[in-house]
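What follows draws every value from the coordinates through simple rules; no lab data is involved. Keep in mind that what you see is a predicted model, and the values were worked out from it rather than measured. As a convention, Cβ positions derive from the backbone with ideal geometry for all residues, glycine included, and neighbour counts pool all protein chains shown.
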Protein chains: 2
Amino acid sequence: MQPTNTLFPAHTGQHYLAGQWQALVPDFFPAINATTFEAMPWRFADCQNDELIQACQAAAAAFIEYRARSAKDRADFLRQISAQLKEHSAELLQVTALETALPTARLQGELNRTCLQLEMFASNLETTLQAAICQQHADPQSTPPKAALTLTQIPLGPVAVFAASNFPLAFSVAGGDTASALAAGCPVIVKAHSAHPATSEWVMRAIEKAIRICNMPAAVVSLLQAKSYAISHQLVQQPEIKAAAFTGSMRVGMALRQSINQRPDPIPFYAELGSLNPQLILPELSSEVAPVLAQQLVASTTGSGGQLCTKPGLWLVPQTAAGEQLLVTATAAISQIPAQSLLHPGIFQSYQTGAEHRAEHATLIAKGASAERQAQALLYSCTLAEFKQRPQLQEEIFGPCALAIRYQSLAELEDFVSTLPGQLCASLHAFDATKPEHQQLRQQLAYHTGRLIIGQMPTGVEVCPAMQHGGPFPASTDLRTTSVGLAALQRFLRPLCQQNYPDQ
Amino acid sequence: MQPTNTLFPAHTGQHYLAGQWQALVPDFFPAINATTFEAMPWRFADCQNDELIQACQAAAAAFIEYRARSAKDRADFLRQISAQLKEHSAELLQVTALETALPTARLQGELNRTCLQLEMFASNLETTLQAAICQQHADPQSTPPKAALTLTQIPLGPVAVFAASNFPLAFSVAGGDTASALAAGCPVIVKAHSAHPATSEWVMRAIEKAIRICNMPAAVVSLLQAKSYAISHQLVQQPEIKAAAFTGSMRVGMALRQSINQRPDPIPFYAELGSLNPQLILPELSSEVAPVLAQQLVASTTGSGGQLCTKPGLWLVPQTAAGEQLLVTATAAISQIPAQSLLHPGIFQSYQTGAEHRAEHATLIAKGASAERQAQALLYSCTLAEFKQRPQLQEEIFGPCALAIRYQSLAELEDFVSTLPGQLCASLHAFDATKPEHQQLRQQLAYHTGRLIIGQMPTGVEVCPAMQHGGPFPASTDLRTTSVGLAALQRFLRPLCQQNYPDQ
């Protein structure tokens, strides 16, 4: 299907900044059809430094107005964004499907998730933000006298949000980072991902409507379109920016971190930079469970084109009969996986290169169907000794592939865990809670991951208060925080103690 | 008084690392008598790189054991450190008085505070750490099915603590940073401050006893003595170190930050780098209140030799009759302030230089008594216009002096606030909660400070759950955190989500 004017009649290709659609350098790059790799007729501007400065100054001015709005006003605003997204979602999802090649069902689910996030923050805003965290009454008789103290939280200021390519709705313009920053009382400047610029403009239009309906300061959200990385680095160095959130590659994220480190004042930087999400299958794996687990692993590895940050990229498989059986079933299952279009031509190209490279260091043991411009599901295998010797095998490959690592003993597995870099998730399969050696491994693994799972797949990150999405570096640059769930809002708040304030 | 063997019979001058008193380079530098500036017979080692590596590796090994201890065990340990500090406190305080020239009453108060901190964390440990932050029960019927999730907190790992000179007990070896890290479950490596090495050894001996009594891993706390800065930079770059806490000068703190930024993995860095703690006296100041406020400001500025991080260094005084009266009273009060020994010869020298330098940019309007090797209380004055033009006046001078800034209008004051760097505290005096223009100024000031005070002095930071000690940069390098109060412990924890764990 090709885009039509009916599908996106209001398209401008401009930035939304300081409350205006505008662009100094318009028509700079086209949206790309992720299935055909062809340029679509929608073209987009390239953000210039002057525009960036204007956006930041407008956001700083909007902050003064926005932070003074009540929690209820902000909650209404978040709910209105959700309502606007739903109102024309049929057209939006068609645009997004063209840009990302993600199936409609997945996109519908992602839109639901995006709206759920906005509504979750809205529902919890009044209880989370209005109440004092802690209060002490004055006691002038005590030695020394005690002052009246009220510990509250206030927003940090304008936040730079870098949209991710793999969640064009839920981790993009109106995604979790934007929702949590707005909930906290911070204006947001979104650097749109150049892989889904039309989706980004569409979503920004929904936010713009919500701004108008809720009478919010127009610059409370800005959208910058850009193809090059330079503007991202300039953005995080602007003095008005008080925090930045990023989900993407290690290379880009670490470069942004370096730019942030050059600021005279440190600011929080919440970056999710990659995770292998190891699946540790214990030697106790039974032959009954092996084929079931194999099917689950293949489905979790190849779902959404293997483009989820929680994809189980490493399978630690025991060298037992059940372990063999698991791999036999997985090999058969992989061969049934159809070829899939990836999010954009760049990711497809990286996948091809990564897969070729991997074949130099591990054995390809299974492959799915192939098609032009589409990714083939792949399963590689190596021994744990080989994995340790070949650092290339520790690189994340974004796409529908996994590496099965054969190990011989629990001791070997413990050694693997001890040098494991930080992960978003890790699972233990065939875990027996009554075995002390299993418990010891679980305890050890906990210090290398943000979420520790017993006997389940890591994909499918539920948006709920008990969720943790983050983890030790490189899973996150700030392991104290989460980017999914209610606590994501805490990233954009800081404590303020009010002493002896008359209202107390 | 000179030190005697009776006062400190067990003195070794060594580091305590990997559970042993040891030193490759002993007798490197002496403790200095802060009153006479003379070297005392106690000499101390200079930490070497090999010792540092040994300390970090031992701390990482101790972490595995220590993190597994129950909250109750850790609470007992903290209480035992407190008990040990109290047991021989008479001798300890004499040693500290020699090294810091702080009066005995102040030191007794500081020891109480140190013990209170340890006990506060101990009392709250079981409720803070044991309970799940948030729990979700499994719901297999829901679409998609909901997993059982338990959100908990786990300790980060070994923490580097840099002792401050101005609180030789409460922000040093067994101070708030150490107490909160130990409470969280993190081993601590303290880099002792070279201005009070004997106090540091004394306190480490108390901790060592507590380690033995509570059967804790010996390397759960280490003490490194050093005169040079190099070892501090090496310390924060060790892979075993997972967080660092620092209180001290902007120059040293920012250099440490640079070393941390060179690590491949980002770690939290909690540094308190200075604050001017402005006192905004509103134009409504009455002639009744003016002399009382003047006395309070002088007492708060010159107490503890003006060496508190919350010293009111800037007084914003209206150009009114009452403002004049305030300055007249303050001038008279300053002249009555005796000369005071400062914490060490280096701080005395910096104070002298800073004061001379300040006289080039502001008018000296009052001075206290003078004496050799002692600091004279000083009050300078300038207009707000001059303050804005002369960046030198924005530098913090550690010691018993303040700068009175004369302003003409509330608009001028608002402009001052808009460019104010981050502060630990700021006070509003002659504040009228019913005046919208006062409320507007208060709202604006809130975004520049960690603690906002109405009509009280900033000094005297109470250790209690509602306290906030931190603030926007440069008050802190991480404005989301506090170094005083119960929440200080959160700096050394991070979330872990346990999914589908059988015990749930």
*Could you tell me what percent of the DSSP beta bridges with both partners in the stretch A:350-504 are antiparallel, to the nearest 5?*
30 percent
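For B:466-475, what's the mean count of beta carbons from other chains sitting within 10 Å of each residue's beta carbon?
Mean inter-chain Cβ contacts per residue within 10 Å come to 6.
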*With the Cα gyration tensor of chain A giving a ≥ b ≥ c as the square roots of its eigenvalues, does the rule (a/c under 1.5 for rounded; else a/b larger than b/c for prolate; else oblate) give rounded, prolate or oblate?*
oblate
*If the label for A:Arg263 sits 7 angstrom from Cα along the Cα-to-Cβ line, what are its distances to the same label in every other copy, in nm to one decimal, shortest first?*
2.0
*Long-range amide H partners of B:Arg406 with built H, under 5 Å*: B:Val317, B:Cys382, B:Thr383, B:Leu384
*Listing A:Lys435, A:Lys311 from the residue with the fewest other Cβ atoms within 10 Å to the one with the most, what is the order?*
A:Lys435, A:Lys311
*Quick one: what are the phi-derived ³J(HN,Hα) couplings along the stretch A:86-92, Karplus 6.51/-1.76/1.60 with θ = phi - 60°, whole Hz, x for glycine and proline?*
6, 4, 10, 5, 4, 5, 4
*First select every other residue whose beta carbon is under 15 angstrom from the beta carbon of B:Val203; then total the charges, Lys and Arg +1, Asp and Glu -1.*
-2
*Kindly put B:Ile231, B:Ile133, A:Ile347 in sequence by how many other C-beta atoms sit within 10 Å of each C-beta, fewest to most.*
B:Ile133, B:Ile231, A:Ile347
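Classify the stretch A:1-81 as rounded, prolate or oblate, taking a ≥ b ≥ c as the square roots of the eigenvalues of its Cα gyration tensor: rounded when a/c is under 1.5, otherwise prolate if a/b is larger than b/c and oblate if not. Please list the in-between numbers first.
Working: a/c = 3.25, a/b = 1.64, b/c = 1.98.
Oblate.
Just to be sure I understand: of the beta bridges DSSP finds with both ends in the protein assembly as shown, what percent are antiparallel, rounded to 5? All intermediate terms of the calculation are to be shown ahead of the outcome.
Details: 48 of 128 bridges.
Rounded to the nearest five, the antiparallel share is 40 percent.
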*Which distances in nm, rounded to one decimal and ordered from shortest, link the label point of B:Arg251 to the equivalent label points in the other identical copies, with labels set 7 Å from Cα toward Cβ?*
4.2
_Vicinal HN-Hα couplings computed from phi for the stretch B:145-152 (Karplus, 6.51 cos²θ - 1.76 cosθ + 1.60; Hz; Gly/Pro x)_ = x, 9, 8, 6, 10, 10, 8, 10
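How many Cβ atoms of partner chains, on average, are near each residue of B:150-156 if near means within 10 Å of its Cβ?
Partner-chain Cβ atoms within 10 Å, mean over residues of B:150-156: 4.
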*What distance in nm separates the simple spin-label points at B:Thr36 and B:Ser286, each placed 7 Å from Cα in the Cβ direction?*
5.3 nm
*So how far apart, in nm, are the two label points at A:Thr143 and A:Asn49 if each is 7 Å from Cα heading toward Cβ?*
6.4 nm
*Measuring from label point to label point, each 7 Å out along Cα→Cβ, what is the A:Gln352 to B:Ala90 span in nm?*
8.4 nm
*Using the beta-carbon distance between A:Gln135 and B:Ser418 and R0 = 35 Å, what value does 1/(1 + (r/R0)^6) give for FRET efficiency, to the nearest 0.05?*
0.75
_How charged is the neighbourhood of A:Gln153? Take every other residue with its Cβ under 10 Å from the Cβ of A:Gln153, and add Lys/Arg as +1 and Asp/Glu as -1._
+2
*Over chain A, calculate the relative contact order: mean separation of alpha carbon pairs under 8 Å at least 6 apart, over the residue count, as a percent.*
17 percent
_³J(HN,Hα), Karplus 6.51/-1.76/1.60, whole Hz, each residue of the stretch B:34-46, x for Gly, Pro_ = 6, 8, 9, 6, 8, 6, 9, x, 7, 10, 10, 7, 10
*Sequence-distant residues sharing a close amide H with A:Trp42 (under 5 Å, placed H)*: A:Ala31
*Taking other Cβ within 10 Å of each residue's Cβ, how do A:Cys497, B:Cys401, B:Cys115 sort, fewest first?*
B:Cys115, B:Cys401, A:Cys497
*Label the protein assembly as shown by shape, choosing from rounded, prolate and oblate, from the square roots a ≥ b ≥ c of the eigenvalues of the Cα gyration tensor; if a/c is under 1.5 it is rounded, and otherwise prolate applies when a/b is larger than b/c, oblate when it is not.*
oblate
_Local electrostatic count at A:Leu17 - Lys and Arg +1, Asp and Glu -1, tallied over other residues with Cβ under 11 Å_ = -2
*If we hang a label 7 Å off Cα along the beta carbon direction at B:Glu360, how far is it from the matching labels on the other copies, in nm, shortest first?*
6.0
_the stretch A:122-183-the stretch A:237-280 distance, computed between alpha-carbon centres (Å)_ = 21 Å
_List the residues, sorted by chain then number, that are 5 or more residues from B:His429 or on another chain and whose placed amide H is less than 5 Å from its amide H._
B:Leu280, B:Ile281, B:Leu282, B:Gly455
_Given contacts defined as C-alpha pairs under 8 Å and at least six residues apart, what's the relative contact order of the stretch A:118-274, whole-number percent?_
21 percent
